[in-house]
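The values are calculated or read from the model by the stated rules, or taken from the named source; none is laboratory data. Remember, predicted model here, so these are calculated numbers, not experimental data. Every residue, glycine among them, receives a Cβ derived from its backbone with ideal geometry; neighbour counts consider all protein chains shown.
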Amino acid sequence: MKTLLKLSLSLLFLLVLGSSQSSANHVVCTEMRYTCTGTPGVYMVGLKLYRDCSGTEFCASCPTSLNSDCKVNVDIKGFDSAFLDQGYGNADLTIVKSASAYDVVQLCKLAKTICSNCGSRTPGTFTPGIEIYYFEGLVNLNAVPSACCKVRVGFAQCCRGTSVTTVVNPMATNYYTDIMINRCANGCNSSPVFTNDPVFIVCAGQDIVNAMGAIDPDGDSLSYEKGPMLQNRTTRVAYTSPYSPTVPFPYLGAPIQSPPALPPSGIDISSNGDIRYRPMGTFAANMPIVVKQWQKINGKMEVVGEVTRDMYIQSMFCPNNNPPVVRTYDSVGALTAPQPSFFYNLAFGKPFCMMLGAWDNTSTTDTTDFTWSPMNDLFKAGAVITRLYDTLTRGLTGPKMDSIRFCWTPSFGDVRTEPYLLRLTASDRACPIKASSARYLSFKVNGVTAVKEHTPSSNSFEVFPNPAKDQLTIELGKPSSEKLFIELIAIDGKQVLTQYLAPNQVSLTLKLNDLLPGIYFVRVNGSNFQVAKKVIVSE
């Protein structure tokens with residue numbers, strides 16, 4: 001009888017524990033963040049969990065309702081070599097109901113996913129369905145020895161989503177992610193904020209640009225690199241052959257790496273966090289992106305924080321649908337040359353306006369939409385975006401192609417070394433899978449009263465022969481100390497060829513054998529070098 005009573009009490013304890021702790025065996029991906037609270041050693045840590053709706057619920061109260069007692073636990077460990085992996089306690093993060101239990105796979109009104117949003121709606125039939133659950137709580141690092149500057153806050157849970165095709169037995173594979181906080185860095189630092197979800201449903205065989213959408217509240221410099229999927233801090237998952245952290249899924253040119261591969265081959269990650277690739281075939285995969293925060297401390301760039309954004313990419317066949325193309329126009333509506341143009345030099349005190357359109361080759365039947373993040377230094381500095389139509393009557397009178405006007409008169413206080421960035425996403429309304437493309441516009445405010453023209457002795461280049469047939473040579477007027485990005489752009493705005501010029505390299509030859517005859521633009525891009533020229537490719 002005593003044994004039976006003990007067993008009953010043990011079962012009761014487990015049931016009670018299960019009601020307050022989240023449990024899942026279908027973690028799709030995650031995103032962690034930390035925020036300085038102003039109290040020394042105390043940070044607000046947030047964790048976004050993305051759930052495969054074909055699996056078990058995160059919170060025990062679902063699918064009936066979402067209770068505020070749903071929690072996850074994170075551990076605190078040293079990361080400096082003398083304190084590596086030494087534990088300094090745990091902390092609970094509690095569900096934020098207002099930011100949880102909704103489907104992040106944005107579909108048309110005629111197609112709902114299999115998600116019930118924790119019982120708040122009737123599920124549909126489209127897969128994949130992915131719900132977000134956001135947990136948040138205070139994490140106190142004061143138990144960590146003061147000599148340990150770098151601290152990791154980690155989250156682990158079993159198991160990964162069943163749909164992942166690049167992991168051996170994902171349903172039995174643990175999930176791990178973490179953040180790193182450098183407590184000895186200048187001031188009280190916070191992690192970057194990401195303005196989109198790390199879930200991307202993409203179309204097989206199409207050129208994709210996934211923007212990270214990162215905004216750092218402290219103005220830290222950010223770097224991006226691929227990282228491994230982890231079971232714990234030191235153990236990688238077992239990848240199915242031939243995949244690995246550097247070849248996370250089938251893409252054009254795999255297993256070639258970027259660099260040296262250039263888009264559309266390889267997986268290209270720009271300094272702004274734009275990730276470009278062409279997925280080949282259907283698959284579901286994770287690609288963790290390690291985002292490091294940098295500050296100049298005592299004249300040297302130091303890592304002051306690190307977060308891993310675990311992207312989930314599902315590639316599907318999308319018949320008869322292509323992603324919209326961003327087109328750029330001047331202030332009176334004429335197409336810019338080159339087309340599109342994403343780099344602009346501005347002078348303080350001088351008004352600047354431009355227009356942009358989200359063009360779609362199925363525009364007779366499809367409608368496109370622009371979205372952008374309002375959390376941007378440009379808008380804080382007075383930049384304004386307006387739509388070029390009546391939003392109230394667009395559904396009746398059009399236009400199908402979204403179009404906007406961007407205007408800004410930068411002040412002297414807006415002059416700075418680094419450019420201002422605006423992330424634009426152009427999406428269509430194809431059902432059930434929307435196609436979209438995201439690009440960054442760069443605006444450099446110069447500390448002069450007028451924008452200086454490029455001179456032959458500085459930023460200039462020549463192209464020859466022009467017209468060209470099989471090859472085209474680019475020659476700089478003067479060597480550059482930085483690596484330059486070369487683009488060949490078709491008249492319709494599509495980037496057809498890319499290459500790099502190494503520092504102090506003055507010439508480069510592009511092979512044109514596979515190009516159709518017509519008008520193209522060669523653009524040379526660098527932090528102080530954005531110049532374009534028209535070329536003709538002949539038969």
Check: Which numbered condition trips up G253, out of (1) assigned to a loop (DSSP other than H, G, I, E, B); (2) surrounded by 17 or more Cβ atoms within 10 Å (Cβ to Cβ); (3) within 15 Å of the chain's Cα centre (by Cα)?
Finding: (3)
Notebook entry, point to check: Residues in the range 158-214 that are part of a loop (DSSP other than H, G, I, E, B), touching a Cys at 6+ places or on another chain (Cβ under 7 Å) and under 30 Å from C36 (Cβ atoms): how many?
Noted result: 6
Next item on the list: Would you mind telling me which numbered condition in (1) modelled with pLDDT under 95; (2) in a loop (DSSP other than H, G, I, E, B); (3) in contact with a strand residue (DSSP E or B) (Cβ under 9 Å, 6 or more places away or on another chain) P145 fails?
Entry: (1)
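Take the residues of the range 351-390 that are among the polar types (S, T, N, Q) and at pLDDT 85 or above: which is nearest to the chain's Cα centre (by Cα)? Show your work before the answer.
Quick first cut of the range 351-390, residues among the polar types (S, T, N, Q) only: 361-365, 367-368, 371, 373, 376, 386.
This time we only want the ones that are at pLDDT 85 or above, so: 367-368, 371, 386.
Numbers: T367: 24, T368: 21, T371: 15, T386: 25 Å.
Among those residues, the one meeting the criterion is T371.
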Checklist line | Within the range 259-277, considering residues that are part of a loop (DSSP other than H, G, I, E, B) and modelled with pLDDT of 90 or more, the one surrounded by the fewest Cβ atoms within 10 Å (Cβ to Cβ) | finding: S265
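Kindly evaluate S68 against the criterion of being buried (at least 19 other Cβ atoms within 10 Å of the Cβ) and of a type in the set (S, T, N, Q).
In short, no.
Which count do you get for residues in the range 278-335 that are in a strand (DSSP E or B) and either touching a residue at least 12 places away in the same chain (Cβ under 8 Å) or over 30 Å from M355 (Cβ atoms) (or both)? Explain how you work it out, then say what you get.
Here is the first cut: in the range 278-335, the residues in a strand (DSSP E or B) are 279, 283-297, 300-316, 325-329, 335.
Restricting the remaining residues to those that are either touching a residue at least 12 places away in the same chain (Cβ under 8 Å) or over 30 Å from M355 (Cβ atoms) (or both) gives 279, 283-297, 300-316, 325-329.
Result for the range 278-335: 38.
Residues checked against (1) over 14 Å from E31 (Cβ atoms); (2) hydroxyl-bearing (S, T, Y):
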site: A143; (1), (2): yes, no
site: V168; (1), (2): yes, no
site: T173; (1), (2): yes, yes
site: V199; (1), (2): no, no
site: V202; (1), (2): yes, no
Note to self: Need a quick list: strands (runs of 3 or more DSSP E) entirely within the range 339-415 having at least 3 residues that are under 23 Å from G219 (Cβ atoms).
What the structure shows: 343-347
Item checked: Set Q293, Q339: member being in contact with a Leu (Cβ under 9 Å, 6 or more places away or on another chain) and not β-branched (V, I, T) -> Q293
Notebook entry, point to check: Of the numbered conditions (1) part of a loop (DSSP other than H, G, I, E, B); (2) crowded, with 20+ Cβ neighbours inside 10 Å; (3) at pLDDT 95 or above, T246 satisfies every one except a single condition; which is it?
Noted result: (2)
Next item on the list: Kindly list the number of the only condition in (1) in a loop (DSSP other than H, G, I, E, B); (2) in contact with an Asp or Glu (Cβ under 7 Å, 6 or more places away or on another chain); (3) crowded, with 21+ Cβ neighbours inside 10 Å that fails for V153.
Entry: (1)
Check: Any idea which of (1) at pLDDT 95 or above; (2) buried (at least 18 other Cβ atoms within 10 Å of the Cβ) is the one N140 doesn't satisfy?
Finding: (2)
